[in-house]
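Okay, structure first, notes after.
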Amino acid sequence: MVPMPGVIARGGQLVVTIDGCRDGGTMSSNVFSRATVRPFDEDGERAQGVVTIRDDARPGTYDITVDCNGRRLTRPAAFTVVGGVRGGVGGGVTTGATPADMAIGGGLMAAGAVGGGVLWMRRRSDKRS
């Protein structure tokens, strides 16, 4: 059983591929509703299902249980849910720019302007010599 991606944000889609699941079946976890897995390769030996992680899922590591061909298989710690969109420092959960983002961006712009001004002044003085 292979879930992709291994780390996912709340509300994201998780694709699970199961080897040896000839007739398809179902899969379940604490953070998504029971879903169907269907054979998808020529031989019918592999099945796949797509689920959406609930928006209210708590960050953490979760198991997946698959019922297939009369067998039940649970993969512990199959994937990890993070608190929000993976971006920014440490995978921020807010949307838009925070005050810290604005301060960092403003500081970088100011440093670039000062550096550009110094370079321009040095080149200008080199031409006069």
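The values are calculated or read from the model by the stated rules, or taken from the named source; none is laboratory data. Note that the structure is a prediction, hence the values are computed from the model and not measured. No Cβ is skipped: glycine too gets one built from the backbone with ideal geometry, and neighbour counts run over all protein chains shown.
Need the failing condition index for Arg22 against (1) touching a Pro at 6+ places or on another chain (Cβ under 7 Å); (2) closer than 30 Å to Met102 by Cα; (3) basic (Lys, Arg), just the number.
So Arg22 meets the others, but not (2).
Could you identify the single residue in Asp41, Asp23 that is at pLDDT below 90, surrounded by 12 or more Cβ atoms within 10 Å (Cβ to Cβ) and out of contact with any helix residue (DSSP H, G or I) (no Cβ under 7 Å at 6 or more places or on another chain)? Don't jump to the end; show me each part of the working.
Numbers: Asp41 fails: surrounded by 12 or more Cβ atoms within 10 Å (Cβ to Cβ).
None of the others qualify; the one that does is Asp23.
Given the options Asp67, Asp56, name the one that is in a loop (DSSP other than H, G, I, E, B), modelled with pLDDT of 70 or more, within 21 Å of Gly6 (Cα to Cα) and of a type outside the set (Phe, Trp, Tyr).
Details: Asp67 fails: in a loop (DSSP other than H, G, I, E, B).
Among Asp67, Asp56, only Asp56 is in a loop (DSSP other than H, G, I, E, B), modelled with pLDDT of 70 or more, within 21 Å of Gly6 (Cα to Cα) and of a type outside the set (Phe, Trp, Tyr).
Looking at the structure I just gave you, is Ala77 at negative phi, in a strand (DSSP E or B), of a type in the set (A, V, I, L, M) and under 22 Å from the mean Cα position of the chain (by Cα)? First the steps, then the outcome.
Working: at negative phi: no; in a strand (DSSP E or B): yes; of a type in the set (A, V, I, L, M): yes; under 22 Å from the mean Cα position of the chain (by Cα): yes.
So Ala77 fails the test.
Are there any pairs with C-beta distances below 7 angstrom linking a residue in the stretch 20-38 that is touching a residue at least 24 places away in the same chain (Cβ under 8 Å) and within 13 Å of Leu73 (Cβ to Cβ) to a residue that is of a type in the set (Lys, Arg) and not in a loop (DSSP other than H, G, I, E, B), with the two at least 6 apart or on different chains, and if so which?
Cys21/Arg46; Thr26/Arg34; Ser28/Arg34
Would you be able to say whether some residue in the stretch 38-49 is in a loop (DSSP other than H, G, I, E, B) and within 18 Å of Val81 (Cα to Cα)? Explain how you work it out, then say what you get.
Filtering the stretch 38-49 for residues in a loop (DSSP other than H, G, I, E, B) gives 40-45.
Imposing the further condition that a residue be within 18 Å of Val81 (Cα to Cα) reduces the set to none.
No, that holds for no residue.
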